[in-house]
Amino acid sequence: MSPEQFLARLAKNGPEPAYLFLGPEAYERTRCRRALLDAVLPPQGHVERENGFTRHDLDRTPLAAALDDARALSLFASRRLIWLAGAEAAVSRAARDEEPDTQEPLAAYLREPTPDVFLVIDCSRYEFEGEDKARIERVETFFAAVPAKVEFRPYAPEAARFLAHRLAKEAGIQLGLAELALLLEATGGDASRISLEIEKLRLFAGTGRKITADDIAALVPDAQSSTIFALVAALGRGDRSRALEILDTLSRAGEYMPLALTFLATQFRTALAAREAGIRGAGQIQAHFNKLGARMWPERARQIEQTMEAFSKDRLQQAVEKVFEADRGLRDARPDDRILMEEMVFALTAR
């Protein structure tokens, strides 16, 4: 089930004896954890909540020992919530034959669960796609006896945009469409980071004025990548003067030049790969790289599209080579970062 389905069922029917939480998404997991904790151990009963919540890390505690704890009655709490973190560790231990019979005791416990004791078996390490897909399927199979499964998948781009818009509105901050796009790009659409950065922006700017791109660049990690993209755009136009101005801005802002070069290299290589694959348009670019497992957001796909329009295939290859040369130069003993970057700009804007 999805987090929304979990919350709806919890509100309607109360908590299940056990849940399997799967996936890395932290924002919805936190929401569900708080809701479950409030349902089992209401916040009014501070002593009951303190004594009724137990956490075991399955990388240190065998699952069998955690189940023994679930069967034991507490002298200090009438209801208990037991959180079993690191579920993947139990799977690995069983695979090594350290606990070969773990699945049957879990199934036996769930056939007769202890009244008023609620388990959450949590696996947050693995993604649902790519190399982790088989691993998370093994976890799901291992804990198949748990009937209630909640999947915490990353937010889709439009869902992340809607969440950011809603949280900004709730925080009372004014966030325009361009600034919203910049925030999403800087946070990679990660819901937890979106929530955190909006709270930082609220504390920084208050509710009396509109949030600017400069505010986001000052407070949100990775937001300066938009300034580096402006450098890519200037290079693509052959606008040497503008490229040098942006380079000066990055330098005065204390941008770490090897990191800037890493972004430039990624931008040029991705655009070159897209051109060689024969794809066009931001939609095709996003779909192509998402299919390959390289998650890409709409704003990023549009940036790649603009880079492809600005650079021919030969110029993209030249750009990759020049960025590599500049990066190698920055690693020499006592290099002058600014001069090396300016030399790269001159080379890429030569007529």
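The table that follows gives values for the structure above.
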{"item": "Condition check for Ala168: in a helix (DSSP H, G or I) and in contact with a strand residue (DSSP E or B) (Cβ under 9 Å, 6 or more places away or on another chain)", "result": "yes"}
{"item": "Verdict on Ile339 being among the aliphatic types (A, V, I, L, M), farther than 30 Å from Glu127 by Cβ and either modelled with pLDDT of 80 or more or under 24 Å from the mean Cα position of the chain (by Cα) (or both)", "result": "yes"}
{"item": "Among (1) assigned by TED's automatic domain parsing to the domain that holds Glu28; (2) touching a residue at least 12 places away in the same chain (Cβ under 8 Å), the one test that His165 misses", "result": "(1)"}
{"item": "Output for region 306-351, where each listed residue is of a type in the set (Val, Ile, Thr) and assigned to a helix (DSSP H, G or I)", "result": "Thr307, Val320, Val323, Ile339, Val345"}
{"item": "When residues of region 149-170 are limited to those that are over 19 Å from Tyr126 (Cα atoms), surrounded by 18 or more Cβ atoms within 10 Å (Cβ to Cβ) and modelled with pLDDT of 80 or more, the one farthest from the chain's Cα centre (by Cα)", "result": "Ala168"}
{"item": "Check on Ala64, crowded, with 18+ Cβ neighbours inside 10 Å, farther than 18 Å from Glu151 by Cα, in contact (Cβ under 8 Å) with a residue 12 or more places away in the chain and in the same structural domain as Val139 (by TED's automatic domain parsing)", "result": "no"}
{"item": "Conditions (1) in a helix (DSSP H, G or I); (2) farther than 30 Å from Tyr126 by Cα; number of the one not met by Thr207", "result": "(1)"}
{"item": "Residue count for region 145-159, restricted to those that are free of Cβ contacts under 8 Å to residues at least 40 places away in the same chain and not acidic (Asp, Glu)", "result": "2"}
{"item": "Condition met for Arg275 (buried (at least 17 other Cβ atoms within 10 Å of the Cβ) and in contact with a Leu (Cβ under 7 Å, 6 or more places away or on another chain))", "result": "yes"}
{"item": "Helices (runs of 4 or more DSSP H) (entirely within region 1-104) containing at least 2 residues that are at pLDDT 80 or above and of a type outside the set (Lys, Arg)", "result": "3-13, 26-40, 63-71, 87-95"}
{"item": "Unmet criterion (only one of (1) modelled with pLDDT of 75 or more; (2) within 19 Å of the chain's Cα centre (by Cα)) for Leu219", "result": "(1)"}
{"item": "Boolean, Leu201 is outside any loop (DSSP other than H, G, I, E, B), under 21 Å from Arg31 (Cα atoms) and in contact with an Asp or Glu (Cβ under 8 Å, 6 or more places away or on another chain)", "result": "no"}
{"item": "The listed residue being surrounded by 20 or more Cβ atoms within 10 Å (Cβ to Cβ) and in contact (Cβ under 8 Å) with a residue 24 or more places away in the chain, out of Ala26, Ala35, Ala39, Ala18", "result": "Ala18"}
{"item": "Near pairs, Cβ below 8 angstrom, 6+ apart or cross-chain, from region 109-129 (at positive phi) to any residue that is of a type in the set (Asp, Glu) and crowded, with 16+ Cβ neighbours inside 10 Å", "result": "none"}
{"item": "Criterion: assigned to a helix (DSSP H, G or I) and either hydroxyl-bearing (Ser, Thr, Tyr) or under 17 Å from Glu25 (Cβ atoms) (or both) - qualifying residue of Arg135, Arg125", "result": "Arg135"}
{"item": "Single unsatisfied condition, Gln303 versus (1) in a helix (DSSP H, G or I); (2) modelled with pLDDT under 85; (3) surrounded by fewer than 16 Cβ atoms within 10 Å (Cβ to Cβ)", "result": "(3)"}
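The values are calculated or read from the model by the stated rules, or taken from the named source; none is laboratory data. Predicted model, so just to flag it, every value in this text is computed and none were measured. Here Cβ is always computed from backbone atoms with ideal geometry, including for glycine, and neighbour counts include all displayed protein chains.
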